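Asker: First the structure, which I've put down as structure tokens, then a few questions once you've had a look.
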Ligand code: PHE
């Protein structure tokens with residue numbers, strides 16, 4: 001059989017838009033601010049940035065170089081570099097994680113999508129905003145409808161392929177995201193009373209920072225950079241050999257960090273300006289923020305819609321990377337064509353997503369892992385188990401099995417920004433130890 005030639009990113013900007021699009025998602029805008037709020041604002045941010053540099057950046061390089069070296073999906077990559085060895089399981093874990101994460105990610109993204117048009121509803125609800133959120137997520141039909149719509153958008157883009165689907169749409173959507181974000185930052189920091197929020201966000205309060213905050217920061221580094229599940233292996237596999245890989249990794253980590261930090265500049269000043277609490281957890285986005293928009297009056301309709309468009313775009317460019325991991329596996333290993341892989345797997349993931357979606361209505365009595373509802377259980381299994389375990393094994397694979405010398409050779413090929421022995425040190429010692437501690441904690445052994 002004649003193998004079709006592997007697609008490649010057309011331009012560096014296209015790759016960076018796509019990879020940064022994968023990294024920048026609900027994790028940056030929905031998750032980062034409420035975790036930062038919970039663990040002491042500036043203190044958390046400081047530790048988070050250190051972990052990005054010493055753990056996130058080396059693992060980002062590792063995944064990208066494994067992909068570019070093998071020109072394959074995560075399963076194919078490990079098969080090729082360690083034939084006949086159990087390392088291929090790491091690849092399968094990644095494909096499974098992509099499948100599971102996308103199923104509920106699409107449900108939450110569906111809520112964001114529905115909120116674009118809901119500003120009228122939550123505005124009219126007044127102080128009952130919390131209820132509106134509860135009503136909207138516990139509507140059987142509504143939940144599935146928005147989840148379906150979001151999955152259709154995701155499938156539609158991945159169906160178009162690397163250059164004409166993912167790259168093209170990322171290059172359109174990411175600049176829009178940045179512009180919307182800047183509009184919101186300007187609005188938020190110029191609100192009367194914003195200074196208090198800025199102080200909370202920027203002034204480190206180490207009394208609120210704990211070991212738990214450290215673990216949350218490291219977990220966030222993996223999730224926000226799309227690491228530990230072969231997403232960056234897959235995106236790296238479409239990189240040409242003459243691309244400066246470490247430089248690209250720097251841009252992606254930098255863009256992701258910039259957006260997370262800017263999201264904090266939107267949320268904290270606004271929340272403080274209207275006298276609300278910054279530490280309300282996952283509800284910060286869907287309950288607290290609408291309350292902020294409500295108090296802005298008419299302008300709140302506009303800013304509210306802008307915010308939820310931003311959130312939907314961020315989620316969409318991440319969702320396509322999740323579907324691409326699953327699709328690439330079936331395309332490379334089972335020789336499916338792209339159309340079949342995206343449609344069949346898209347439908348399968350959509351179907352799985354019905355369960356977390358119904359977890360707030362028809363299936364609200366179903367509790368899975370440790371009393372968590374279905375969506376939380378999926379999230380726990382993927383983010384607290386599959387991702388850290390995947391990240392740990394990828395670091396061990398490169399550091400102790402395949403060899404950092406080969407990794408350096410691949411990464412530095414065609415690069416002006418060369419990785420050095422400090423990369424080897426981080427991948428062999430620092431990353432495995434740090435991630436192992438997080439992993440023990442997340443499965444409850446350290447508590
Ligand atoms: N990085 C994405 C976010 O921050 C989530 C994600 C995780 C996407 C893993 C792909 C792979 O929302």
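Where a number appears in this text, it was derived from the coordinates with a stated rule and is not lab data. What you are looking at is a predicted structure, and each value in this text was computed from that prediction instead of being measured. When we count neighbours, we look across all protein chains shown, and the Cβ atoms used for this are built from the backbone with ideal geometry, even at glycine.
Asker: Simple spin-label model, 7 Å along Cα-to-Cβ: residue 362 to residue 186 in nm?
Answerer: 4.7 nm
Asker: Rounded, prolate or oblate: which fits segment 292-447 when a ≥ b ≥ c are the square roots of the eigenvalues of the alpha-carbon gyration tensor, with rounded for a/c under 1.5 and prolate only if a/b beats b/c?
Answerer: prolate
Asker: Roughly how tilted is helix 245-273, in degrees to the nearest 10 and between 0 and 90, from the longest Cα axis of the chain?
Answerer: 10 degrees
Asker: Calculated from DSSP H runs of 4 or more alone, at -39500 (n - 2.57) each and per residue, what is the 222 nm mean residue ellipticity of the chain, nearest 500?
Answerer: The per-residue figure over the chain is -21500 deg cm²/dmol.
Asker: In degrees, nearest 10, range 0 to 90: what is the angle between the Cα axis of helix 12-23 and the longest Cα principal axis of the chain?
Answerer: It works out to around 60 degrees.
Asker: Points 7 angstrom from Cα along the Cβ direction at residue 49 and residue 436: gap in nanometres?
Answerer: About 3.0 nm separates the two model spin labels.
Asker: Can I ask one more? How big, in percent, is the set of alpha carbon pairs in the chain lying more than 42 Å apart?
Answerer: 10 percent
Asker: Would you give the gap between the C-alpha center of segment 143-214 and the C-alpha center of segment 388-426, rounded to a whole Å?
Answerer: Taking the Cα centre of each part, segment 143-214 and segment 388-426 sit 30 Å apart.
Asker: I need 7, 409 ordered by Cβ neighbour count within 10 Å, fewest first.
Answerer: Arranged by neighbour count, lowest to highest, 7, 409 become 409, 7.
Asker: Which of 68, 187 comes first, and how do the rest follow, when ranked by fewest Cβ neighbours within 10 Å?
Answerer: In order of increasing Cβ crowding within 10 Å: 187, 68.
Asker: Now a separate question. Tell me, in nm to one decimal, what length is gained between residue 196 and residue 176 on full extension, where the rule is 0.36 nm per residue of separation less the Cα-Cα distance?
Answerer: Answer, rounded to one decimal: 4.3 nm.
Asker: To test your reading of the geometry: what angle, between 0 and 90 degrees and rounded to tens, separates the Cα axis of helix 57-70 from the longest principal axis of the chain?
Answerer: Computed tilt is about 50 degrees.
Asker: In a GNM of the chain with a 10 Å cut-off on Cα contacts, which of 171, 72, 335 has the highest mean-square fluctuation?
Answerer: The residue with the greatest mean-square fluctuation here is 335.
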